[in-house]
């Protein structure tokens, strides 16, 4: 009744994956990809955040209504960033 | 074993419903935290796109290695929190206490390293409004303002997190938690993981802007 129990193996696997992705972030930063450096860095960071949310924060095993709350916070963050940046990107100055 | 009946507040039918409600409450709070930090990330994105040279010049003064150590420390602390939840689900409160202590030790390590970084910045005269001596591109101060505000609010969240984990150790020692009732551990963990996620984004954005040759 106390929610889904995640095994220790899954926690260690996710922890290991996070450390590998972190080393990848540092490694890729030393390669000149031009404007894509920040794109790759943010893509890896987002993937790491998704791993933490799904496994460490147990959202993968949580109820539908939890999914709605998590998605809503992400959705509103996207509105905040996209509308703000689309304004600045189209001012033409 | 704790008396489970007394753990259910009168507005709930049972422990499962109560647990669901408190998890959801924590997620609602974390949604407000996402937007709190989101506003600062939006400011960062706008100014970085407007004054990219200033951000490159500012980030040259970051200690990439110390930042990397701190990133690893925080990722490990998230793992110890997750293992703590696992321990209490098995009724192993001794292991829970040890994992929470490890989490606090890792969190404190992070803050000590951050403190060293801040004091280096002070010595080098890189604190806007207090001691700023850097001759660089226009608006280079903006980079440091965002750096101190964003990492400062993150560090504040870490301090709060250490306080929460300390309270959880005290409650664990009092025998409050069992495999049937451990929801405070679960929601404290959610908060800790969220603070870890914020750092996952802060590290590349402030330390790794243009480190390649």
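A few notes on this one:
- Folded to 0 to 90 degrees: helix A:64-89 orientation relative to chain A principal axis, Cα: 10 degrees
- Here region B:1-89 yields Rg over Rh of 1.20, to two decimals, using C-alpha coordinates and the Kirkwood radius.
- With a simple spin-label model that places each label point 7 Å from the Cα along the Cα-to-Cβ direction, the separation between residue B:40 and residue B:124 comes to 2.0 nm.
- Sequence of A:59, B:81, B:8 once ranked by neighbouring C-beta atoms within 10 Å, starting from the fewest: B:8, A:59, B:81
- Average other protein chain Cβ within 10 Å of Cβ, residues B:129-136: 0
- Relative contact order for region B:86-155, counting Cα pairs under 8 Å that sit 6 or more residues apart, in percent: 17 percent
- Distance between modelled label sites at residue B:9 and residue A:4, nm, 7 Å Cα→Cβ extension: 2.6 nm
- Helix-only mean residue ellipticity at 222 nm for chain B, each DSSP H run of n ≥ 4 adding -39500 (n - 2.57), per residue, nearest 500: -27000 deg cm²/dmol
- Inter-label distance for residue B:28 and residue B:108, nm, one decimal - labels placed 7 Å from Cα along Cα-to-Cβ: 3.6 nm
- With Cα atoms, 0 to 90° folded angle of helix B:15-50 axis to chain B main axis: 0 degrees
- Legend: P(r) of region B:101-213 from all alpha carbon pair distances, 5 Å bins from 0, whole percents, reading 2, 9, 17, 19, 15, 12, 9, 6, 5, 3, 2, 1.
- On the basis of the beta-carbon distance and an R0 of 35 Å, residue A:31 and residue B:170 show a calculated FRET efficiency of 0.15.
- Principal axis extents of the Cα atoms in the protein assembly as shown, from largest to smallest and rounded to whole angstrom, are 65, 40, 34.
- Shielding of peptide A:56-66 by partners, expressed as the average count of other chain Cβ atoms within 10 Å per residue Cβ, is 5.
- Cα long-axis angle, helix B:183-207 against chain B (0 to 90 degrees, to the nearest 10): 10 degrees
- Taking B:17, B:60, B:89 as the candidate residues, the one with maximal mean-square fluctuation in a Gaussian network model of chain B, Cα springs under 10 Å, is B:17.
- Length gained on full extension, residue B:132 to residue B:50: 27.4 nm, using 0.36 nm per residue less the C-alpha separation.
- Space enclosed by the convex hull of the alpha-carbon atoms of chain B, per residue, Å³: 127 Å³
- Only helices enter this figure: runs of n ≥ 4 DSSP H residues, each worth -39500 (n - 2.57), summed and divided by the residues of chain A, yield -24000 deg cm²/dmol at 222 nm to the nearest 500.
- With a 10 Å cut-off around each Cβ of B:199-205, the average count of Cβ atoms from other chains is 6.
- Relative to one another, the C-alpha centroids of region A:41-65 and region B:126-161 are positioned 29 Å apart.
- Coordinate range along principal axes, alpha carbons of chain A, Å, largest first: 58, 34, 9
- Computed extension gain for residue A:67 through residue A:91, at 0.36 nm per residue and net of the alpha carbon distance, reaches 5.0 nm.
Bear in mind these aren't lab numbers, they're just calculated from the coordinates by the rules spelled out. As the structure is a prediction and not an experimental result, all values here were calculated from the model. Methodologically, a virtual Cβ is constructed for each residue, glycine included, from the backbone with ideal geometry; neighbour enumeration extends over all protein chains shown.
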